[in-house]
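**Student:** Please see the structure below; I have some questions.
The values are calculated or read from the model by the stated rules, or taken from the named source; none is laboratory data. This structure is a prediction, so every number in the text was calculated from the model and none was measured. Every residue, glycine as well, gets a Cβ built from its backbone with ideal geometry; the counts of neighbours run over all protein chains shown. Keep in mind that these areas ignore ligands, DNA and RNA; they rest on the heavy atoms of the full protein, side chains included. Shrake-Rupley method; radii C 1.70, N 1.55, O 1.52, S 1.80 Å.
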Amino acid sequence: MELGGQNAADMISEQRPISLLLVDDEATLREPLAEYLVRQGFVVREAESAAAARSVLGEFQPDLMLLDIMMPGEDGLSLCRHVVESRGLPVILLTAKGEPTDRIVGLEIGADDYVAKPFEPRELVARIRSVLRRAGRDSAAPMDDEHFVYAFEGWELDPLKRRLTDPEGALIAISTAEFRMLKALCDHPRQVLDRDRLLDMVQGREAHLFDRAVDNQVSRLRRKIEVDSRNPELIQTVRGGGYRLAADVARIKRPA
């Protein structure tokens, strides 16, 4: 694996350092990769196992996790599910698997992307930047007075802070994938968005392989925002078409 490549100025804005947690039990890959990422301007913490990663997360808040699937003890898919559901943390899976099964499972439980080993480190950096842009955590994202929230039927989605609050003002835990899905629907209220378009907007690379991920994320969102998820009124299914947010959406300015 070559560790040469573009410099930090070419790869990522230096307005705000991006922090990463790299979880891989192979020290021969993890350590040189961490050094490369640091040279690209990232703040990097390492963990050799899922247990070590959980410990690091107790006192370190990364912007994104790079996570190996195959590890002794708790595997990467289990840890991925935990951080997605409890923290909404963006995750890129690192996998040596030739078959797509683990990748599909990973994407369905909320991972944002995957990179198959062996990989070119420059490609990984590009994918990190892409995931952070989709998750609204790009270091170049503006932090100004134009901050707004989406408001619909008493709900509010804050695209800057990535927070969802219910009509009573309670904070609702939301994963990165669920956030992107709901934001896409809020950007196009009352419009029918078919699965292909939704996948392009929220999943990215090779999304056509993972169309089940759309249905899974919509189901999860419904359990969080619908009165009765089995009879949804807000996120409606359009037969033969896709999904639509059946509500008017207002953009309300808030202090940044």
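**Student:** Tell me whether segment 97-104 contains one or more residues that are modelled with pLDDT of 80 or more and crowded, with 18+ Cβ neighbours inside 10 Å. Quick ask: steps written out before the conclusion?
**Tutor:** The first filter runs over segment 97-104 and keeps only residues modelled with pLDDT of 80 or more, leaving none.
No, the conditions are met nowhere in segment 97-104.
**Student:** Just checking, how many residues over segment 227-256 are without any contact (Cβ under 8 Å) to a residue 60 or more places away in the chain and out of contact with any strand residue (DSSP E or B) (no Cβ under 7 Å at 6 or more places or on another chain)?
**Tutor:** Residues of segment 227-256 that are without any contact (Cβ under 8 Å) to a residue 60 or more places away in the chain, as a first pass: 227-233, 235-244, 246.
From what's left, out of contact with any strand residue (DSSP E or B) (no Cβ under 7 Å at 6 or more places or on another chain): 227-233, 239-241.
Selection size over segment 227-256: 10.
**Student:** Conditions: (1) surrounded by 15 or more Cβ atoms within 10 Å (Cβ to Cβ); (2) of a type outside the set (Val, Ile, Thr); (3) modelled with pLDDT of 90 or more. Residue 31 meets all but one. Number of the miss?
**Tutor:** Only one criterion is unmet by residue 31, namely (1).
**Student:** State which residue is nearest to the chain's Cα centre (by Cα) when the search covers only segment 150-197 and only residues that are β-branched (Val, Ile, Thr) and not in a helix (DSSP H, G or I).
**Tutor:** Initial filter on segment 150-197 (β-branched (Val, Ile, Thr)): 165, 172, 174, 176, 192.
Within this subset, residues satisfying the condition of being not in a helix (DSSP H, G or I) are 165, 172, 174, 192.
Working: 165: 19, 172: 16, 174: 10, 192: 23 Å.
Per the criteria, the residue is 174.
**Student:** Next up: Any residue at all in segment 49-61 that's open to solvent by less than 10 Å² (accessible area, probe 1.4 Å), modelled with pLDDT of 90 or more, outside any helix (DSSP H, G or I) and not polar (S, T, N, Q)?
**Tutor:** Within segment 49-61 (the criterion being open to solvent by less than 10 Å² (accessible area, probe 1.4 Å), modelled with pLDDT of 90 or more, outside any helix (DSSP H, G or I) and not polar (S, T, N, Q)), the answer is no, since none of the residues qualifies.
**Student:** Considering segment 126-149 alone, what residues qualify as being modelled with pLDDT of 90 or more and in a strand (DSSP E or B)?
**Tutor:** 149
**Student:** What residue, among those in segment 223-256 that are open to solvent by less than 30 Å² (accessible area, probe 1.4 Å) and outside any loop (DSSP other than H, G, I, E, B), is modelled with the lowest pLDDT? Even if it seems obvious, please write down each step before you answer.
**Tutor:** Initial filter on segment 223-256 (open to solvent by less than 30 Å² (accessible area, probe 1.4 Å)): 225-226, 234-235, 241-243, 245-247.
From what's left, outside any loop (DSSP other than H, G, I, E, B): 225, 235, 242-243, 245.
Numbers: 225: 94, 235: 95, 242: 90, 243: 93, 245: 94.
The qualifying residue modelled with the lowest pLDDT is 242.
**Student:** Just to be sure, is residue 46 open to solvent by 10 Å² or more (accessible area, probe 1.4 Å), outside any loop (DSSP other than H, G, I, E, B), at negative phi and out of contact with any Phe, Trp or Tyr (no Cβ under 9 Å at 6 or more places or on another chain)?
**Tutor:** Details: open to solvent by 10 Å² or more (accessible area, probe 1.4 Å): yes; outside any loop (DSSP other than H, G, I, E, B): yes; at negative phi: yes; out of contact with any Phe, Trp or Tyr (no Cβ under 9 Å at 6 or more places or on another chain): yes.
In short, yes.
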